[in-house]
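The values are calculated or read from the model by the stated rules, or taken from the named source; none is laboratory data. Keep in mind that this is a model prediction, so the values were computed, not measured. All Cβ positions, glycine included, derive from the backbone under ideal geometry; neighbour counts span all protein chains shown. Accessible surface areas use protein heavy atoms only, side chains included; no ligands, DNA or RNA. Shrake-Rupley method; radii C 1.70, N 1.55, O 1.52, S 1.80 Å.
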Amino acid sequence: FAATLGEGPIVTTRDGRATGVMLAEAIHAGLTAIGRDTIDADVCATPTTGVLVRRYHAAGGIQISASHNPAEYNGMKLFGPQGYVISAAEGAAVIDAYRTQSPAWVGHAAVGTLDACADPLERHLELVLGLVDVARIRARRFRVLLDANHGAGGELGTSLLEALGCEFEVLGEEADGQFAHTPEPTTENLVSVLPAVSRMGADIGFCQDPDADRLAVIDADGRYLGEEYTLAMCVDHRLRQEAGPIVTNCSTSRMSEDLAQKYDVPFFRSAVGEANVVALMQRE
């Protein structure tokens, strides 16, 4: 992967799984041994990785995560210099090089450096707060239950809720990968969380997957709304702000397409996979 990138450091992050530190150390060792400088941001949500790549003008990034899969899995999500996951074609080239090429190890004088990121969450928090009406939300004093489930979203989620003046409780804030329930935020996996929302008297519950790029919503009555409705609510909100083309993948529910018709904007479907969605967004 590093051989496909231009000059600059490579940002690494992880989602809190027990094997994350082990993989991070191996990745830093491999990258510095081929002469690349790395920036270790430790535990971060996958979207934060893209923010950090842009913040540091990095050559790319690696998020160590198995997303919503069980605890025994782990892997890598590869980011290009623009701050989003590399395309399917670029990924295929990386896999082919992995199978056919040998690393270009460097001599002692050319070994790369490892730097720690001092505050990996600050910039992402600033960007989110810049998108919402902070004063209006703070005036409402929402009561919120956040289920981070011992993944990467607890710390940034806590900082965001504090900045928005919410009264909140966090389940599984510590990012140690010791998931309290099966990590994919589906209704059957959240049976222990659903009653906690109404028991707390919360206005809303937010449930993240381990690398915090999925979100399911629970309403004040403890009813599961799920990821598809989360997406539809965001699409509706965004189109009320500004009309424009919408891209979803082919496994997304028809609600987004219905909303595109309601607001009379173009609608496009991509193949499944973040890289495919991003590529179609750029094209359209």
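Candidates in region 158-182 are the residues that are among the charged types (D, E, K, R) and part of a loop (DSSP other than H, G, I, E, B); of these, the one that is farthest from R140 (Cα to Cα) is D176.
Quick grid of which residues meet (1) open to solvent by 60 Å² or more (accessible area, probe 1.4 Å); (2) hydroxyl-bearing (S, T, Y); (3) at pLDDT 95 or above:
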| site | (1), (2), (3) |
| --- | --- |
| E227 | no, no, no |
| C234 | yes, no, no |
| M255 | no, no, yes |
| A260 | no, no, yes |
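I need the full set of residues from region 35-66 which are among the hydroxyl-bearing types (S, T, Y) and surrounded by 19 or more Cβ atoms within 10 Å (Cβ to Cβ), in order please. Let's see the steps before the verdict.
Going through region 35-66, the residues among the hydroxyl-bearing types (S, T, Y) turn out to be 38, 46, 48-49, 56, 65.
Once the filter is applied, which keeps residues that are among the hydroxyl-bearing types (S, T, Y) and surrounded by 19 or more Cβ atoms within 10 Å (Cβ to Cβ), region 35-66 yields T38, T46, T48, T49, S65.
Selection over region 183-206 of residues that are assigned to a strand (DSSP E or B) and either open to solvent by less than 50 Å² (accessible area, probe 1.4 Å) or among the aliphatic types (A, V, I, L, M) (or both) gives a count of 2.
Inclusion of V272 among residues that are closer than 27 Å to G16 by Cβ and either among the charged types (D, E, K, R) or in a helix (DSSP H, G or I) (or both) is not warranted. Based on this model, can you work out whether R240 counts as surrounded by 18 or more Cβ atoms within 10 Å (Cβ to Cβ), under 30 Å from F168 (Cα atoms) and among the basic types (K, R)? Spelling it out, it is not the case that R240 is surrounded by 18 or more Cβ atoms within 10 Å (Cβ to Cβ), under 30 Å from F168 (Cα atoms) and among the basic types (K, R).
Restricting to region 15-29, what's the tally of residues that are under 29 Å from H108 (Cα atoms) and either open to solvent by 30 Å² or more (accessible area, probe 1.4 Å) or hydrophobic (A, V, I, L, M, F, W, C) (or both)?
9
Under the condition of being exposed (fewer than 14 other Cβ atoms within 10 Å of the Cβ) and touching a residue at least 60 places away in the same chain (Cβ under 8 Å), which residue from region 100-114 is nearest to Q241 (Cα to Cα)? Filtering region 100-114 for residues that are exposed (fewer than 14 other Cβ atoms within 10 Å of the Cβ) and touching a residue at least 60 places away in the same chain (Cβ under 8 Å), the one nearest to Q241 (Cα to Cα) comes out as T113. Taking the listed residues D209, D213, the one that is surrounded by 15 or more Cβ atoms within 10 Å (Cβ to Cβ), among the charged types (D, E, K, R), modelled with pLDDT under 95 and within 20 Å of the chain's Cα centre (by Cα) is D213, with no other qualifying.
Residues in region 228-247: is at least one touching a Pro at 6+ places or on another chain (Cβ under 6 Å) and not in a helix (DSSP H, G or I)?
So in region 228-247, the residues touching a Pro at 6+ places or on another chain (Cβ under 6 Å) come out as 245.
Next, from what is left, pick out any that are not in a helix (DSSP H, G or I): 245.
There is at least one residue in region 228-247 that is touching a Pro at 6+ places or on another chain (Cβ under 6 Å) and not in a helix (DSSP H, G or I).
On inspection, V278 passes the criterion of being over 26 Å from F142 (Cβ atoms) and open to solvent by less than 50 Å² (accessible area, probe 1.4 Å).
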